[in-house]
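Just below is one structure, and these are the notes that go with it.
The values are calculated or read from the model by the stated rules, or taken from the named source; none is laboratory data. Note that the structure is predicted; figures quoted are calculated from it, not measured. Don't worry about glycine lacking a Cβ; one is built from the backbone with ideal geometry, like all the others, and counts go over all protein chains shown. Calculation scope for accessible area: heavy atoms of the full protein, side chains included, ligands and nucleic acids excluded. Shrake-Rupley method; radii C 1.70, N 1.55, O 1.52, S 1.80 Å.
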Amino acid sequence: MERTELAKNYLSDYVGRLTDILNKIDPEKLGQVITTFIDAFKSGNTIYVVGNGGSAATASHMQADFRFFVRYFSKFRPKIIALTDNVPMITAIGNDNNFDDVFVEQMRGQFVAGDVLIAISASGNSPNLVKAAEFANELGGKTIAFVGFLGGKLNEISTVPLYTPNPKGDYGPIEDVHMILNHIIVNYLATDEEFLALT
C-alpha cells in the first residue's frame, strides 16, 4: 500500500479518536470552568496554569491567549500566569529541591485565597501537578483539571475536574483536546456579557 493511502487511513483513525474525546466534553463542567474563570477575573484574582511536556506548551499558550488574544474583543486583561515559562526558576527548584516542587515553590508567597490553578495533564497523576493542586486547595484557591486517560489523582482532588477519558498512553488526541478547550473558552468570552462588561 502506498504511503499516501496509509496516511489517509491513519488520518481517518486519528480524527475518529479526537472526535470521540471531544464528544465526551461535559457541557456542565465546561460551564463551571468558564464561571470559575470569570469569577476570578471579576474579583481581581490570578489564574495560574501548569503542565508538563506538551501540556506545558498548552499552559504557555493559554497565557498568551487570555492576556493578549482577548484584545480583539475586550480592553480587559485577565491576570493569568503560566508557571511553565521561567526556566531559571524551574531548573533552580528542580536542582536544589526536586522536580515535584517546580510549581508549588513558584506559588509560595504569590498564590492567595480566591486564586485559581489550572492543571493540565493527560494522566492526572503528575506529582508536581498534584502537589500544586493540593497546595492551592489548602490556601483556599480553586483548582481546575484538564485530564484524560483514567482521570488520575487530579480528577479526584480538583474543584472543577474537566475529565475526558481516552485510552491510556494515547497522548496526541488528549493534548489536542486540551488545546481546543483553551480555544473554546477564550473565544467563548467574546460572547459573554458578564466578561465583556469587565474593564
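Can you give the net charge of the other residues whose Cβ lies under 15 Å from the Cβ of Phe73, counting K and R as +1 and D and E as -1? The answer is 0. In this label model, Asn98 and Glu5 are separated by 5.3 nm, measuring between points 7 Å along each Cα→Cβ vector.
Loop-resident chymotrypsin sites (Phe, Trp or Tyr not before Pro) (DSSP state other than H, G, I, E or B) in segment 1-78 with no more than 16 further Cβ atoms inside 10 Å of their Cβ: Phe68, Phe73, Phe76. Pop out the carbon and sulfur fraction of the accessible area of segment 38-196 as a percent, whole number, probe 1.4 Å. For segment 38-196, the apolar C and S fraction of the accessible surface comes to 53 percent. Is the shape of segment 100-199 rounded, prolate or oblate, going by the alpha carbon gyration tensor and its root eigenvalues a ≥ b ≥ c, with a/c under 1.5 for rounded and a/b larger than b/c for prolate? Note, shape of segment 100-199 comes out oblate.
Per residue, the accessible area of the chain comes to 49 Å², computed with a 1.4 Å probe over protein heavy atoms only. For the chain, the Kirkwood estimate of hydrodynamic radius, built from reciprocal distances between every pair of different alpha carbons, is 17.4 Å.
Among the trypsin sites (Lys or Arg not before Pro) found in segment 122-199, those both in a DSSP coil and sparsely packed, with 15 or fewer other Cβ atoms within 10 Å of their Cβ, are Lys168.
Given Cβ point charges of +1 (Lys, Arg) and -1 (Asp, Glu) and nothing else, what value in debye, to the nearest 20, does the dipole of segment 91-152 about its Cα centre take? Spell out each step's value before the answer.
Numbers: 3 positive and 7 negative charges, 40 e Å.
Using only the charged Cβ atoms, the result is roughly 200 debye.
Shown here for segment 1-79: trypsin sites (Lys or Arg not before Pro) in loop regions (DSSP other than H, G, I, E, B) with at most 10 other Cβ atoms within 10 Å, namely Lys75.
Rounded to the nearest whole Hz, the Karplus-based 3J(HN,Hα) values (6.51 cos²θ - 1.76 cosθ + 1.60, θ = phi - 60°) of segment 92-102 follow the sequence 5, 5, x, 6, 7, 10, 6, 5, 5, 9, 5, with x at glycine and proline.
Using the Cβ-Cβ distance between Leu30 and Val112 with R0 = 30 Å, the FRET efficiency computed as 1/(1 + (r/R0)^6) comes to roughly 0.70.
Kindly provide the helix-only [θ] at 222 nm of the chain, computed as the sum of -39,500 (n - 2.57) over DSSP H runs of four or more divided by all residues, to the nearest 500 deg cm²/dmol? Let's see the in-between values first.
Details: 9 runs with 105 residues, N = 199.
Value at 222 nm, helices only: -16500 deg cm²/dmol.
Only Lys, Arg, Asp and Glu carry charge here, each on its Cβ (+1 for the first two, -1 for the last two); on that basis the chain has a dipole of about 360 debye about its Cα centre.
Simple rule: put +1 on each Lys or Arg Cβ and -1 on each Asp or Glu Cβ in segment 52-143, find the dipole, and look at Pro127, Phe66, Met107; the Cα lying farthest toward the positive end is Phe66.
Shape analysis of segment 20-74 places it in the oblate category; the axes a ≥ b ≥ c from the Cα gyration tensor give an a/c of at least 1.5, with a/b not above b/c.
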